[in-house]
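Everything on this sheet refers to the single structure shown next.
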Amino acid sequence: MEPEVIDVMARLEMRDQKERAQGSPGSDRIQALHPASGRFLYVLALAKGVKSIVEVGTSHGYSTLWLASAAKVNGGKVVTCDTNLERLAAARSNFAEAGLADVIEILEGDARETLRGRAEPVDLLLIDTTKSYYETYFDIVYQRLVKGGLVVADNVVSHQDELEDYVSYVENHPNLESAMVPIGRGLEISVKLTS
Ligand SMILES: C[S@@+](CC[C@H](N)C(=O)[O-])C[C@H]1O[C@@H](n2cnc3c(N)ncnc32)[C@H](O)[C@@H]1O
C-alpha cells in the first residue's frame, strides 16, 4: 500500500470516528466503511485477482481507496457511484491525493440508472448505500457478474432488520453461495456459481 493512500485513509478514518463519537446524523457524516471491512475487502480482492470492480456508495471514497489499491495491483479499475455531488467532489480530491484517480471511474447519479447502461463484466460488486434498494443494485449488476464473481453487502449486522430481505434473497438464490462475515458492521458475501 502506497504511503499517500495510507495518509488519505488515516485522515478519513479519524474523521469518521470523530463524527460517529459526536453522534452526528448519518447525512452529516462521511459514513465510511469500517476499517476492518476495508482491509478484508482489499485482501479478498488481491487474493482473487479481481480486475473489474463496481461500488454503489462512494461518499468521500474511503472504501473506494481500498478497492482501487487492489485494482491497481491487479491491473484493473473501480467504477463507483454516488448521488451526492458534494461528497463526490471530496472523493475526487481524495483519489487524486492518493494517486489512484487513474484507476477509478465515478458515475454521478442514482446507481439504479447509471449502472443500467453498462456492459463490461464485473468481478466484484460492493453495495454500501441506502439500505432500501440492495436487491435492486444486486439485480442490475447480476447479469454482468462473472462466474466466481463476488457481491459484498455491508451493514448486514448493524442494519439486520432493514437488510433481512436482502440476506434471505441471496442466501436462497439458486446460483449463489453466500456467507455472513461478522467483521466491521457485517458483510454478506455471495459468489456466483455459473455465468
Ligand atoms: C454509507 S455511504 C458510502 C460510504 C463509502 N462506501 C465509504 O466507505 O466511504 C452511502 C452513500 O450512498 C450514496 N447513495 C445513496 N443512494 C444512492 C443511489 N441510489 N445511487 C448511488 N449512490 C447512492 C449516498 O449519497 C452516500 O454517500
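The values are calculated or read from the model by the stated rules, or taken from the named source; none is laboratory data. Note that the coordinates shown come from a computational prediction; the quantities given were computed from them, not determined experimentally. When we count neighbours, we look across all protein chains shown, and the Cβ atoms used for this are built from the backbone with ideal geometry, even at glycine.
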Next on the checklist: For the condition surrounded by fewer than 16 Cβ atoms within 10 Å (Cβ to Cβ), polar (S, T, N, Q) and outside any helix (DSSP H, G or I), what is the one hit in S168, S190, S195, S178?
Outcome noted: S195
Item to check | Residue selected from the range 11-43 under the condition aliphatic (A, V, I, L, M) and out of contact with any His (no Cβ under 9 Å at 6 or more places or on another chain), by the criterion surrounded by the fewest Cβ atoms within 10 Å (Cβ to Cβ) | outcome: A21
Checklist entry - Among A119, A89, which is the only one that is surrounded by fewer than 16 Cβ atoms within 10 Å (Cβ to Cβ), more than 9 Å from the ligand (Cβ to nearest atom) and either within 27 Å of E177 (Cα to Cα) or under 14 Å from the mean Cα position of the chain (by Cα) (or both)? => result A119
Next on the checklist: Any residue in the range 20-43 that is closer than 23 Å to V54 by Cβ sitting within a Cβ distance under 7 Å of a residue that is part of a loop (DSSP other than H, G, I, E, B) and of a type in the set (S, T, Y)? List the pairs, counting only those 6 or more apart or interchain.
Outcome noted: I30/S59; Q31/S59; A32/S59
Checklist outcome for this item: The residue from R87, R112 that alone is among the basic types (K, R), closer than 23 Å to E162 by Cα and modelled with pLDDT of 95 or more is R112
Checklist entry - Here are L107, L46: which of them is under 16 Å from the mean Cα position of the chain (by Cα), part of a helix (DSSP H, G or I) and surrounded by 14 or more Cβ atoms within 10 Å (Cβ to Cβ)? => result L46
